[in-house]
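The values are calculated or read from the model by the stated rules, or taken from the named source; none is laboratory data. Just so you know, these numbers come straight off a predicted model, no measurement behind them. Using ideal geometry, Cβ is built from the backbone for each residue, glycine included, and neighbour counts are taken over all protein chains shown. Each accessible area value is taken on the protein alone, full model and side chains, heavy atoms only, with ligands, DNA and RNA left out. Shrake-Rupley method; radii C 1.70, N 1.55, O 1.52, S 1.80 Å.
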Amino acid sequence: MLEIHVVQRDNRHLYENYFDPYFRLRHDIYVKQRKWMALDRPDGREIDQFDTEDAVYLFCLDEAKLIGAMRAVPTLSPTLMSDIFPHLSLRGPIRRPDVYELSRVFVIPERRGEHAGPRIETLLLTAITEYGISIGLNGFSIVLEAWWLPRFERCGWKAHPLGLPRIIDDMSVLAVLVDCNEATWQSLCRQIGRTSPILTWRGLSGVNRQLLPDISLPQPPAVQPTQ
Ligand code: COA
């Protein structure tokens with residue numbers, strides 16, 4: 001069964017066994033497959049300066065195997081946008097208590113493009129929206145490649161550009177701010193056929209958070225009796 005776990009400073013000790021495979025997967029995906037050679041490290045683990053105690057990870061687990069993940073970093077801490085790509089945001093990097101920066105979203109190759117159920121990637125977008133609402137966020141900042149924009153549009157994520165796209169290492173890259181609100185979350189839940197929150201908050205009972213309600217799926221239109 002698929003589960004999406006919130007992993008952060010307070011419960012990281014419960015997931016310590018996952019971190020080595022997680023950083024190795026990142027190396028396989030970003031360095032070996034995507035050829036982002038600036039992220040290469042001799043130990044075969046892709047770890048950067050934003051993997052700090054402030055980082056929050058969503059781990060998508062299937063029968064305890066890590067099959068996808070995403071990272072969120074508070075924008076009051078150093079972020080990709082503040083430290084590496086400040087020129088992508090016309091008004092300067094976002095630093096707001098109610099906005100986290102998303103990065104390193106991936107699904108392992110053998111689980112991409114699944115059509116038997118909702119895509120793992122859509123589950124991750126739903127899960128991070130649920131996370132954001134739960135802790136009172138209003139948005140996510142992201143430095144991304146332009147090909148994400150139609151994907152966000154299709155799933156109902158409203159992405160506001162913060163500047164013009166620039167070509168960086170042959171990629172068209174821009175900075176956006178994505179709305180995080182309950183309407184978006186409910187719409188995503190409907191797309192993936194869920195009526196209840198998806199996240200597992202193991203070991204995080206001390207975290208102050210809003211509990212999200214179950215939602216109702218639209219009913220199929222009533223069949224009119226034939227004469
Ligand atoms: N450039 C352009 N388009 C890309 C792309 C890339 N590097 N990676 C994926 N896409 C597009 C595909 O063309 C495909 O389009 P289509 O559905 O219209 O045919 C679509 O995204 C689906 O991608 P796919 O990989 O088959 O499945 P997915 O939706 O399950 O997973 C990702 C999408 C991004 C999660 C997955 O491709 C992945 O993990 N990639 C590696 C990590 C990564 O690059 N993350 C983004 C930067 S942090």
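A few comments on the model shown:
- A simple count of charges around residue 81, restricted to other residues whose Cβ falls under 10 Å of its Cβ and scoring Lys, Arg +1 and Asp, Glu -1, yields -1.
- Relative contact order %, the chain, counting alpha carbon pairs below 8 Å whose residues are six or more apart: 20
- Distant-in-sequence amide contacts of residue 162, defined by a placed amide H-H separation under 5 Å and a gap of 5 or more residues or a different chain, comprise 175, 176, 177.
- Candidates 34, 166, 71, ranked by Gaussian network fluctuation over the chain, Cα under 10 Å, top entry: 34
- Couplings for segment 166-183, taken from phi via the Karplus curve 6.51 cos²θ - 1.76 cosθ + 1.60 with θ = phi - 60°, read 10, 8, 10, 6, 6, 10, 7, 10, 9, 10, 9, 10, 9, 5, 10, 8, 5, 4 Hz in order; Gly and Pro are left as x.
- Degrees between helix 120-134 axis and first principal axis of the chain (Cα, 0 to 90, nearest 10): 90
- Using a Gaussian network model of the chain in which every pair of alpha carbons under 10 angstrom is joined by a spring, one finds that among 186, 33, 210 the greatest mean-square fluctuation is at 33.
- Shape box of segment 68-215 [Cα atoms, principal axes, largest first, Å]: 41, 36, 26
- Per residue, the solvent-accessible area of segment 62-167 (1.4 Å probe, heavy atoms of protein chains only, all protein chains present) comes to 45 Å².
- Proximal charge balance of residue 180 [Cβ under 13 Å; K/R count +1, D/E count -1]: -3
- In order along segment 2-8, the Karplus-derived 3J(HN,Hα) couplings, from 6.51 cos²θ - 1.76 cosθ + 1.60 at θ = phi - 60°, round to 7, 9, 10, 9, 8, 10, 8 Hz, and Gly and Pro are given as x.
- In straight-distance terms, cross-link reach from residue 65 covers every one of the lysines whose alpha-carbon lies under 23 Å from its own, apart from those fewer than eight places away in the same chain; here that gives 32.
- Within straight-line reach of residue 158, meaning a Cα separation under 19 Å, sit the following aspartates and glutamates at least 8 residues removed in sequence or on another chain: 98, 101, 121, 130, 145, 179, 182.
- Charge-dipole axis of the chain as Lys and Arg at +1 and Asp and Glu at -1 on Cβ define it, positive-most pick from 18, 148, 49: 148
- Nonlocal amide H pairs with residue 105, under 5 Å, H built at 1.01 Å: 71
- Charge dipole of the chain about the Cα centre (unit charges at C-beta), most positive-ward option of 160, 200, 94: 160
- Assuming charge only on the beta carbon of Lys and Arg (+1) and of Asp and Glu (-1), the dipole of the chain about its Cα centre is about 320 debye to the nearest 20.
- Cα long-axis angle, helix 16-26 against the chain (0 to 90 degrees, to the nearest 10): 80
- Relative contact order [Cα under 8 Å, 6+ residues apart], segment 50-104, whole percent: 34
- Neighbour-limited loop hits for GluC sites (Glu not before Pro), segment 1-72 (at most 10 other Cβ within 10 Å; DSSP other than H, G, I, E, B): 53, 63
- The distance separating the Cα centre of segment 189-204 from that of segment 84-100 comes to 29 Å.
- Net charge in the neighbourhood of residue 140 (other residues with Cβ under 9 Å of its Cβ; Lys, Arg +1, Asp, Glu -1) is -2.
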